[in-house]
Amino acid sequence: MVRGLYTAWTGMANEQKRLDIISNNLANAATIGYKKDNVTNQSFDNLLTLKIKDSSEQYNDKAIGKMSLGVKLGEVYTNYGQGSFRQTGNPYDLAIEGKGFFNISTKDKDGNEVIKYTRDGSFTMNQDGKLVDANGNTLVGESGELAIPVNTANVTIDADGSVYADGVYIDKVITTDFEDYNYLQKQGDSMYVALEGANETTGTSKIRQGYTEQSNVNVVSEMVDMIAVTRAYEANQKVIQTVDGTLDLAANSVGKI
């Protein structure tokens, strides 16, 4: 009976974690390049239930079946599906059509260059002519950090990433893909770092100038999941209340007889 309290508690804790993930997805529904997170559930390992110290079995331990001790989070994973495109008219806004990530040059705490990856193509030009993101990190091209002459009147970026300033070829935006996205670790809302063992491949995607990729969060779907989580949480809560009431009767009422 007390085991039922524990089983119901694991269900409540699991639904609370799912609710946190859904809330974060909803909070980033308008974040450019954001990829939503999901979570899998699994039961605890089944334990063989034994009848022990039972005189009817000559005090021999006897298997009477298996039972689960509750539920636990299986894995939190990221859905890398394509988001919708929004036209901005800004020549420095870029969107990736297909698989792949922009290469972003960042600095670690020691000032060393670190390449990170993102689908957020909302860039601006700084005073040095470099294309930077909202945090000042620089977009990387084939020749290094991508820079455009500051007095350029017309910037054109082709589908293959080739950058032209007033008709003159400057550099090429590169995209990087990975054989296994499990080797990517999310940092912040839309930035990723490659973990040890990640195998890079050349991106075969197309670049769309003047567009940004929106998040792949479906608000309606997330709200439906939130309702399901709330109902599951309430169901586990009622189980705890029922078991608690039964224990109260066993301790107070039955004990008086």
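The values are calculated or read from the model by the stated rules, or taken from the named source; none is laboratory data. Quick caveat: nothing in here was measured; it's all calculated off a predicted structure. Neighbour counts are summed over all protein chains in view; Cβ atoms, including those assigned to glycine, are modelled from backbone coordinates with ideal geometry.
Observations, loosely collected:
This table checks each residue for (1) at pLDDT below 95; (2) loosely packed, with under 15 Cβ neighbours inside 10 Å; (3) under 25 Å from Tyr92 (Cβ atoms).
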{"residue": "Lys186", "(1), (2), (3)": "yes, yes, yes"}
{"residue": "Asp189", "(1), (2), (3)": "yes, no, yes"}
{"residue": "Ala198", "(1), (2), (3)": "yes, no, no"}
{"residue": "Thr201", "(1), (2), (3)": "yes, yes, no"}
{"residue": "Lys206", "(1), (2), (3)": "yes, no, yes"}
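- Among (1) surrounded by fewer than 12 Cβ atoms within 10 Å (Cβ to Cβ); (2) not in a strand (DSSP E or B) - the single one Tyr169 does not satisfy: (2)
The rows are residues; the columns are (1) of a type in the set (A, V, I, L, M, F, W, C); (2) within 28 Å of the chain's Cα centre (by Cα).
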| site | (1), (2) |
| --- | --- |
| Ser143 | no, no |
| Leu146 | yes, no |
| Asn151 | no, no |
| Asp158 | no, no |
| Asp166 | no, no |
| Tyr181 | no, yes |
| Glu200 | no, yes |
| Gly203 | no, yes |
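- Any hit, the range 172-180, residues being in a strand (DSSP E or B) and touching a Pro at 6+ places or on another chain (Cβ under 7 Å): no
- Which listed residue is free of Cβ contacts under 8 Å to residues at least 24 places away in the same chain and assigned to a strand (DSSP E or B), from Gln185, Gln241: Gln185
- Per-region count, the range 138-155, residues among the hydroxyl-bearing types (Ser, Thr, Tyr) and surrounded by 14 or more Cβ atoms within 10 Å (Cβ to Cβ): 2
- So Asp171, is it acidic (Asp, Glu), within 15 Å of Leu139 (Cβ to Cβ) and without any contact (Cβ under 8 Å) to a residue 60 or more places away in the chain: yes
- Restricting Ala228, Ala194, Ala232 to those that are in contact with a helix residue (DSSP H, G or I) (Cβ under 7 Å, 6 or more places away or on another chain) and either surrounded by 18 or more Cβ atoms within 10 Å (Cβ to Cβ) or assigned by TED's automatic domain parsing to the domain that holds Lys17 (or both) reduces the list to Ala232.
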